[in-house]
Structures are given as structure tokens and as C-alpha cells.
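> Pasting in a structure now, in C-alpha cells, and then I'll have a few things to ask.
The values are calculated or read from the model by the stated rules, or taken from the named source; none is laboratory data. Fair warning: this is a prediction, and the values are worked out from it, not measured in the lab. Note: ideal-geometry Cβ built from the backbone for every residue, glycine included; neighbour counts use all protein chains shown.
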Amino acid sequence: MRKKLNIPALIASTLAVTSALSRATDDFAAGELALVFYSRASNQVSMATEYYVFNLGAASSFRENSQNNVAVKTVNATIASSNIAADLQSVFGATWAEDGLVRMIVVSTIDAAGSLTIGDPTRTIYMSRPRTSLNTSDKGSEGATSIGPFSAGLRGQVSGSVLQFLNGTNSAISSGVPLPTSGANVSGVRLTTDYQNSLALVLPSTATTTYFKLGDDPGALLGSGTLPGTAGVEAAVDVFRVLHSTTGADLTSGSSSGDAVVGQGQFIGSITLNSAGDLKVQAVGIPTSSNYYSFATANNLTGGPNADSDKDGINNLTEYALNTNLSGFDGSVGTLSVGVLSFTKRAAAVTNGDVTYAIEVSTDLGVSNPWTTLTTGVTNNSTTISASLPTGGPKQFARLKVVSSAVAP
């Protein structure tokens, strides 16, 4: 078991007799990221009686990561496994991914009395915000590009609140309360809300109280369906670092657009969870020049533009260009009604501006009669390309042609 930091003697002596315990919230070393899952109805503030905490390991590893769409174990090899499906099902039931009750957050802090932890001074806070799409430049449910600024007083309050949860420094152990239970994934632990340093202490108990002394909810809700424009991602949170001081601090970050400053959130990456229980890291909070290739990486489109990643007969470039299902079968990519052929464009491709669309016709599929682009009766706007097909004359074939100007990295 990892050496405990700042644990009251009573708690330390109690845990020492439990050899089966692999992780608990008070087993976190300074600067390790706690990935927390809890459940409650949307119209209630009370939590379910049990929740789940997963130790992602040193925040510095994730802060310096510049890889995109990789398993959390790729970033931190000490994690037992990147999959937590068995634990989530055990704690929240078989419908954990779809019932709209489970929430996911990330928090960490470095104690005011702690030592410098690989570029993070004391009272450095890590806090998450929910993300609604992995294909936009917006981060979080409000489209914020960061969190903060936090005043010095607020930074101290938030750091103390997170520390209370992680190390239990401000609450006494309850008589007869069962100790945490190791998860199937030994990097995780199941806890009850009557445990001495329960998450319930730092989440709202009424509609007017706050999360870790903050008014904004750091959690992403696991709801029905997947995030827009993604390949099976159930939930995602952006993780930010907030410095209390720059003394000895590493100001750079693998995914941030600039150096960290005191009190202002610095983006370090997104943590995502899919319906199979796989945890990944996405370095997508501040996109660079977005195009087909960055979209393909974020959405698991493998094999290049002409490949068919989800094996439905539609190549990856066409799936990117049109509003199709990226990870499953599409019955048709367009519609034909009363002589009008129509296709719906994908917003990300339009925003990125690296695709051109055209509807072409030929009498023999281009064998001797070349494909010709229709220029009359055509609608080609930000959401749709459609054309009224010619009538009369010989039978004609029509097709949609999409071309990407994106250059492979």
C-alpha cells in the first residue's frame, strides 16, 4: 500500500489491520487524480449510499501528456487496467451507462504543508468540468475555455475541501462504519456515504450549497446515448490545473495553449468513458487546426479516409462529411424524394472547412459518359447539399462526391 499522507492516527491505525484494502480515498498521495463516480436523481441532492473512486495516479503524468485518444494506462503504466465496467456495474447496476443518474468528476489537490510534486507547488488544485462534445473547440457545458480566476481565499477553501475528501483530515471516523472495499480493478475502491471522509461532505446537501466550495458542478452526467459526434463516448470531463503559486511550478502543459498563471485554470486534457467501461485521455480541449485527421483520431476512425472503420459500406471520409453513425450501420447516407436527392452535412466538417461537396450525374456510371457536376437546381449550404435531378432524356445515375483538402499529419 502506498504511504499515506496527512492521515490522523486513528484512521491510520484502523486501516493498518485491513490487508485486503488496496485503495481508499485516504490512500491518495499528493497530486494524484481522483476519478469519482456517484449517483443521484437529477431533482435530488442526496447521493446514493455507495460510490466509486478510481486513482488515475500522478497528475503530472496527465498534465504533460500530448497523446490523443489513448487509454489512461498508456499515460500512467501503474494503473491496473483502463477498464472499470465491472466495478461500475457492481456499484450502480447494469444500466449505469444509460440511466441518467451516474456522474463522473476528477479532483485533486496538494496539501498546503506538502512538498513540491513534479512541478506542482502546494495548494495546486485539479478540478474537472463536464464536456458536451469532443468535436468542438468549446470545453464544458457552458463552452468555457477555462475555469477561474479563483481568488487566493477561494483557492485555499477549495484545496481544503478536496483534501477533506481525499485524506479525511477534517472528520472523525464513524463507529461501526465498514471500511472501503477494493474494486475488481485494484486501482479503484467502493465507498459508502457514511465513511469518515465521504464525498457527501463536499457535494451539495441542499440546493444552495456548493461543490468543493465552488458553485459549478464538476461532474459529467452519464445519460442515454453518446456524446454528439463521438464514437461511443458516454461521458467526458475536461481537467484543469489551478496554481496557488508559481514558485517552482512547471508552467507548461501538454495540451494547454499557454503557460499556467496563478488562480486561472490551465487545461491538461479530457478524461472519457465509453459504454464498455474504457477510460481514455483526449488532448482535445484546445484544438489545433482541426480537419479530417484530427476528427478521425478523436472518433476512432481507423485505416485512413478510404477505409471503412465501422464496416457499414461507407468510407471514413464520407462518414466525416455527412451526419452518419460513426460506429454502426447506416441504412442510407441520403434521401431521394420526388426527384430531389439530398444529404445532411456533418457540422464538424463544415466548421473545419476541409471538405467540398458536389452532386454529379452520368448516364453510364462514368464509363463513356463522364460524371458531370450539377450546377442548376442545387442547394449547397452549411447544413445540406441537395439537387433536383434532371427529368426526361436517357436514364441517369447520380452520386455525391466529397473531397477533403486535409493533409495527413
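> Take the residues of the range 242-263 that are hydrophobic (A, V, I, L, M, F, W, C) and modelled with pLDDT of 90 or more: which is surrounded by the fewest Cβ atoms within 10 Å (Cβ to Cβ)?
LEU251
> While we're looking at this one, here's another question. Anything in the range 66-77 that is more than 20 Å from ILE110 (Cα to Cα) and either polar (S, T, N, Q) or in contact (Cβ under 8 Å) with a residue 24 or more places away in the chain (or both)? List them, or say none.
Residues of the range 66-77 that are more than 20 Å from ILE110 (Cα to Cα), as a first pass: 66-75, 77.
Scanning the range 66-77 gives SER66, GLN67, ASN68, ASN69, VAL70, ALA71, VAL72, THR74, VAL75.
> I need the full set of residues from the range 215-241 which are surrounded by fewer than 18 Cβ atoms within 10 Å (Cβ to Cβ) and among the hydrophobic types (A, V, I, L, M, F, W, C), in order please.
LEU221
> Where in the range 33-138 are the helices (runs of 4 or more DSSP H), entirely inside, with at least 2 residues that are farther than 17 Å from ARG241 by Cα and of a type outside the set (Gly, Ala, Ser)?
It comes to 72-75, 85-92.
> Given the structure, is LEU199 more than 15 Å from LEU35 (Cα to Cα) and at pLDDT 85 or above?
No: the conditions fail for LEU199.
> Residues of the range 363-383 being small (Gly, Ala, Ser) and either closer than 20 Å to LEU322 by Cα or surrounded by 10 or more Cβ atoms within 10 Å (Cβ to Cβ) (or both), which ones? Let's see the steps before the verdict.
To start, the set of residues in the range 363-383 that are small (Gly, Ala, Ser) comprises 366, 368, 377, 382.
Within the range 363-383, GLY366, GLY377, SER382 meet the criteria.
> Right, here's the next one. Pick from VAL102, VAL75, VAL107: which is touching a Ser or Thr at 6+ places or on another chain (Cβ under 8 Å), of a type outside the set (Lys, Arg) and under 20 Å from VAL186 (Cβ atoms)? It would help to see each step written out before you state the result.
Numbers: VAL102 fails: under 20 Å from VAL186 (Cβ atoms); VAL107 fails: under 20 Å from VAL186 (Cβ atoms).
None of the other options fit; the residue is VAL75.
> Please verify whether ASP310 is among the acidic types (Asp, Glu), exposed (fewer than 15 other Cβ atoms within 10 Å of the Cβ) and either without any contact (Cβ under 8 Å) to a residue 12 or more places away in the chain or touching a helix residue (DSSP H, G or I) at 6+ places or on another chain (Cβ under 8 Å) (or both), treating the condition exactly as stated.
For ASP310, the condition - among the acidic types (Asp, Glu), exposed (fewer than 15 other Cβ atoms within 10 Å of the Cβ) and either without any contact (Cβ under 8 Å) to a residue 12 or more places away in the chain or touching a helix residue (DSSP H, G or I) at 6+ places or on another chain (Cβ under 8 Å) (or both) - is not met.
> Listed residues TYR292, TYR320; which is within 19 Å of THR226 (Cβ to Cβ) and touching a helix residue (DSSP H, G or I) at 6+ places or on another chain (Cβ under 7 Å)?
Exactly one residue qualifies, and that residue is TYR320.
Here's the yes/no breakdown for (1) crowded, with 16+ Cβ neighbours inside 10 Å; (2) farther than 28 Å from VAL233 by Cα; (3) assigned by TED's automatic domain parsing to the domain that holds LEU273; (4) modelled with pLDDT of 60 or more:
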| site | (1), (2), (3), (4) |
| --- | --- |
| THR145 | no, no, yes, no |
| GLY148 | yes, no, yes, yes |
| LEU154 | yes, yes, yes, yes |
| GLY168 | yes, yes, yes, yes |
| SER182 | yes, no, yes, yes |
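> Report yes if SER386 is in the same structural domain as VAL340 (by TED's automatic domain parsing), surrounded by fewer than 11 Cβ atoms within 10 Å (Cβ to Cβ), under 30 Å from SER294 (Cα atoms) and free of Cβ contacts under 8 Å to residues at least 60 places away in the same chain, otherwise no. If you could, list the steps in order and put the result at the bottom.
Details: in the same structural domain as VAL340 (by TED's automatic domain parsing): yes; surrounded by fewer than 11 Cβ atoms within 10 Å (Cβ to Cβ): no; under 30 Å from SER294 (Cα atoms): yes; free of Cβ contacts under 8 Å to residues at least 60 places away in the same chain: yes.
Criteria not met by SER386.
> Of the residues THR351, THR356, THR344, which is modelled with pLDDT under 90, of a type in the set (Val, Ile, Thr) and under 27 Å from SER133 (Cα atoms)?
Among THR351, THR356, THR344, only THR351 is modelled with pLDDT under 90, of a type in the set (Val, Ile, Thr) and under 27 Å from SER133 (Cα atoms).
> For residues in the range 314-330 being at pLDDT 90 or above and hydrophobic (A, V, I, L, M, F, W, C), which is nearest to VAL355 (Cα to Cα)?
So, considering only residues that are at pLDDT 90 or above and hydrophobic (A, V, I, L, M, F, W, C), the one nearest to VAL355 (Cα to Cα) is ALA321.
> Report, ordered by the first and then the second residue, all pairs with beta carbons closer than 8 Å, sequence separation of six or more or different chains, a first member in the range 96-114 that is more than 11 Å from PHE37 (Cα to Cα), and a second member that is surrounded by 24 or more Cβ atoms within 10 Å (Cβ to Cβ) and basic (Lys, Arg).
Close Cβ pairs (under 8 Å, with a partner that is surrounded by 24 or more Cβ atoms within 10 Å (Cβ to Cβ) and basic (Lys, Arg)) do not exist here.
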